[in-house]
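Readers should treat all values here as calculations from the given coordinates under stated rules, not as data from a laboratory. Keep in mind that this is a model prediction, so the values were computed, not measured. Neighbour counts run over all protein chains shown; Cβ positions are idealised from the backbone, glycine included.
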Amino acid sequence: MGIGVDMACVEFSANADSVDFIFSTNAQENIFHTGGNIIFLFCVLVYAVNFGRGSDYMSENILAVKNLCIAYGEKEILHDINFTVAQGKIFVILGKSGAGKSTILKAVAGILGTGKITGGQIFFNGKEITNLQGEERRKISGAGIGYIFQNATASFCPVRTIGAQIYESVQAHKNWSRAEFLTRAKNIIQNINLEESVLEKYPFQLSGGMGQRAGILAAMILEPQILLADEPTSALDPETQASVIEEFLKLRERYGVSIVMVTHNLKVANYIADEIFKLQNF
């Protein structure tokens with residue numbers, strides 16, 4: 001309806017040369033313009049209502065966090081957190097250690113553990129997911145929202161190959177054959193400077209950079225709409241950090257994925273971010 005109304009406004013305005021034209025006194029024209037004026041006034045009303053709703057209504061936000069409060073036990077860690085992430089943008093949450101950066105990501109991903117959301121709302125694609133659990137949460141985890149852990153290597157089971165673990169996680173969402181999985185995995189591997197042999201390796205066989213890229217592969221295999229990255233460069237040397245950051249930019253370009261990254265590194269944030277959200281007067 002909104003699109004139709006907007007188009008009607010545009011079309012009507014394009015035919016109206018002036019205010020005098022709209023309110024013409026010609027009897028024959030007034031038959032047309034009376035109906036036109038009703039449409040015009042209706043459009044003005046719709047615009048006023050939409051304007052009153054603010055930018056959230058008009059923009060294409062894939063994620064919205066509103067007045068979020070999180071506590072561990074009786075201690076409130078975060079209070080009244082507000083931000084939105086637009087489709088295809090890289091959004092960086094910047095803060096010192098202990099500021100609650102990773103806690104925000106875990107709340108969005110639904111993996112707070114002993115933490116608890118005590119107030120506020122989280123919206124993904126316009127749907128509230130604040131306290132989503134069970135099957136509904138599983139449907140969007142991985143397929144809609146991908147997650148890269150701070151120590152990606154440690155997030156894998158140490159006694160199974162990387163490929164076997166990622167394939168198993170895929171089967172919870174997609175009925176892909178092993179061949180289809182390998183084809184899709186190799187397409188991503190080519191974009192993140194990773195060797196195909198990583199699929200046959202165990203986590204302990206990976207360097208820090210390779211482990212982080214394996215984590216990116218696991219998070220991107222289902223091509224989620226948004227990627228949550230928890231300090232993805234903190235344990236890497238400067239050269240590998242730069243390489244991984246470039247790969248995030250390539251992923252955004254190649255897949256159009258929105259990225260929410262947390263970091264304490266101001267240089268990394270300034271380089272990669274479309275928008276930076278600072279915690280506790282960073």
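Criterion applied to Ala235, Ala229 was being of a type outside the set (Lys, Arg), touching a helix residue (DSSP H, G or I) at 6+ places or on another chain (Cβ under 9 Å), outside any strand (DSSP E or B) and farther than 19 Å from Gln190 by Cα, and the one residue passing it is Ala235. Across region 175-211, the number of residues qualifying as over 24 Å from Gln241 (Cα atoms) and surrounded by 14 or more Cβ atoms within 10 Å (Cβ to Cβ) comes to 4. The residue pairs whose first member lies in region 164-179 and is free of Cβ contacts under 8 Å to residues at least 12 places away in the same chain and in a loop (DSSP other than H, G, I, E, B), whose second member is of a type in the set (Ser, Thr, Tyr) and surrounded by fewer than 16 Cβ atoms within 10 Å (Cβ to Cβ), and whose beta carbons are closer than 7 Å, counting only pairs six or more residues apart or on different chains, do not exist in this structure.
Which residue is surrounded by the fewest Cβ atoms within 10 Å (Cβ to Cβ), if the candidates are limited to region 90-114 and must be in contact with a helix residue (DSSP H, G or I) (Cβ under 8 Å, 6 or more places away or on another chain) and touching a residue at least 40 places away in the same chain (Cβ under 8 Å)?
Here the answer is Leu112.
The residues of region 69-82 that are within 17 Å of Thr114 (Cβ to Cβ) and part of a strand (DSSP E or B), listed by number, are Cys69, Ile70, Ala71, Tyr72, Lys75, Glu76, Ile77, Leu78.
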